[in-house]
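Note sheet for the following structure.
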Amino acid sequence: MQHTKIFPLKQLPTKEQRHKLFGSVQPAERTKPVEKSKMADLQNTKKDFLFDLNVVGISNVKYPITIESNMNPGFQTSIGTFKFSSSLANTSKGTNMSRFMEQLNQYHEQGFNITLANLKSFAKELAERLEQKDATIEVDFPWFYERKGPSSNLAGLNHANASIRVTYKQAKGTSVNVALSALITTLCPCSKEISEYSAHNQRGEVAMDITLSDDFDENKTDWKETLLQAAESNASARIHPVLKRPDEKMVTEQAYENPRFVEDIVRLVAADLYELPFVTKFNVSCRNEESIHLHDAIASITFDKQNAEIE
């Protein structure tokens, strides 16, 4: 019988000795005040600091959020990636960074449901808390929606990347931009036209960023669903999480019957957004991960309906 050889355990220094071994030192004598009222407040120093700042704040802040949707699941939890900012006059050295997180956590404790109304209130309250004339909150999050196979009706979840940007200005009020990035299938019209059979197809990404009118009512319209519909209804075919063979046949044939260049996609989506009464300005872009190239194909349109021109 083979016996495992047991080696004696090494006697280690104490944890305190180990810390000292790796560079820890005893605390030095403290001479600076510990009371907040007696501490230096560099951020609130008032001098001429040369330039106003357009943006100062914090970014890449991840916090749990809840989302409402007209599509299943109607109520869902997600992770929001936040950016908070305001302007800063040249007479102030710095902003109060801790106040951004203080307010976010207060909203979180109350149950931060990501609605436009809540974000508008957040931006106005943030400006007041910072004692500034403006404040902006931006949040990006994955939004999940149910998608069923066109033949089997078997369901699964897709997701799109959504974002909201709310800016409050004391003199002008609040403006709201929303954006959605969704994946689609595109089939190349040129490939279909010149080939004896088949055509190359690929996954495309449609990104839409719109400015909402002041009278937009989120209780009547789910902007996420509307933008998703604009992207998918103009694609060669939709993306599906679950496809059985009859589903795959239908999706493949649908793509063949609806060939699209990236140029076609952005023009068709732009037409849908142009017809929406609550959209005042929009940007649409499409990026195809070309299946027969190493490079991507891209196209974009920016249009201001109030000025009636392409930028």
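One compactness figure for the stretch 220-311 is 1.24, namely its Cα radius of gyration divided by 2.2 N^0.38 Å. Under the criterion of Cα pairs below 8 Å and six or more residues apart, the relative contact order for the stretch 96-169 equals 30 percent.
At a Cα cut-off below 28 Å, give the lysines reachable from K120, other chains included and same-chain residues fewer than 8 away excluded. Output for K120: K62, K83, K93, K133, K169, K172, K220, K224, K281, K305.
A DSSP coil position with no more than 12 other Cβ atoms inside 10 Å describes the following trypsin sites (Lys or Arg not before Pro) in the stretch 164-198: K172. According to the square roots a ≥ b ≥ c of the eigenvalues of the Cα gyration tensor, what is the shape class of the stretch 254-303, taking rounded for a/c under 1.5, prolate for a/b larger than b/c otherwise, and oblate for the remainder? Cα axes put the stretch 254-303 in the oblate bin. In the stretch 39-198, Cα pairs under 8 Å separated by at least six residues give a relative contact order of 20 percent.
Amide hydrogen proximity for S152: with H placed 1.01 Å from N in the peptide plane, the residues at 5 or more positions away or on another chain lying under 5 Å are K244, D247. In order along the stretch 169-177, the Karplus-derived 3J(HN,Hα) couplings, from 6.51 cos²θ - 1.76 cosθ + 1.60 at θ = phi - 60°, round to 10, 4, 8, 10, x, 10, 10, 10, 10 Hz, and Gly and Pro are given as x. With contacts defined as alpha carbon pairs under 8 Å and 6 or more residues apart, what's the relative contact order of the chain in percent? Over the chain, the number comes to 13 percent.
Assuming a ≥ b ≥ c are the square roots of the Cα gyration tensor eigenvalues, decide whether the stretch 46-310 counts as rounded (a/c under 1.5), prolate (otherwise, with a/b larger than b/c) or oblate. Note, shape of the stretch 46-310 comes out prolate.
Using θ = phi - 60° in the Karplus curve 6.51 cos²θ - 1.76 cosθ + 1.60, the 3J(HN,Hα) couplings for the stretch 72-84 round to 5, x, x, 9, 9, 9, 8, 10, x, 9, 9, 9, 10 Hz; x is entered for Gly and Pro. Projection of the Cα convex hull of the stretch 167-248, averaged over all directions and equal to a quarter of that hull's surface, yields 8.3 nm². Excluding same-chain neighbours fewer than eight residues apart, the lysines reachable from K244 by a Cα-Cα span under 24 Å are K148.
Note on the stretch 162-212: the alpha carbon radius of gyration divided by the globular reference 2.2 N^0.38 Å gives 1.97. The value obtained for the stretch 1-157, namely the Cα convex hull volume divided by the number of residues, is 307 Å³ per residue. Remark: E290, E257 ranked as E257, E290, counting other beta-carbon atoms within 10 Å and listing the fewest first. Size descriptors for the stretch 18-90, from the alpha-carbon set: Rg then Dmax equal 22.4, 61 Å. The mean of 1/r over all distinct Cα pairs in the stretch 118-225, once inverted, gives the Kirkwood hydrodynamic radius of 17.2 Å. At the listed q of 0.23, 0.25, 0.30 Å⁻¹, the Debye profile of the stretch 91-131, built from one uniform point per Cα, gives log10 I(q)/I(0) equal to -0.78, -0.88, -1.11. Each residue of the stretch 137-145 was assigned a 3J(HN,Hα) from its phi angle through the Karplus curve 6.51 cos²θ - 1.76 cosθ + 1.60 (θ = phi - 60°); the sequence is 10, 10, 9, 10, 7, x, 10, 9, 8 Hz, with glycine and proline shown as x.
According to a simple spin-label model (label point 7 Å from Cα along Cα-to-Cβ), what is the distance in nm between I58 and S291? Inter-label distance under the simple model: 4.6 nm.
Bear in mind these aren't lab numbers, they're just calculated from the coordinates by the rules spelled out. Just so you know, these numbers come straight off a predicted model, no measurement behind them. For neighbour counting, all protein chains shown are included, and Cβ atoms are generated from backbone atoms with ideal geometry for every residue, glycine included.
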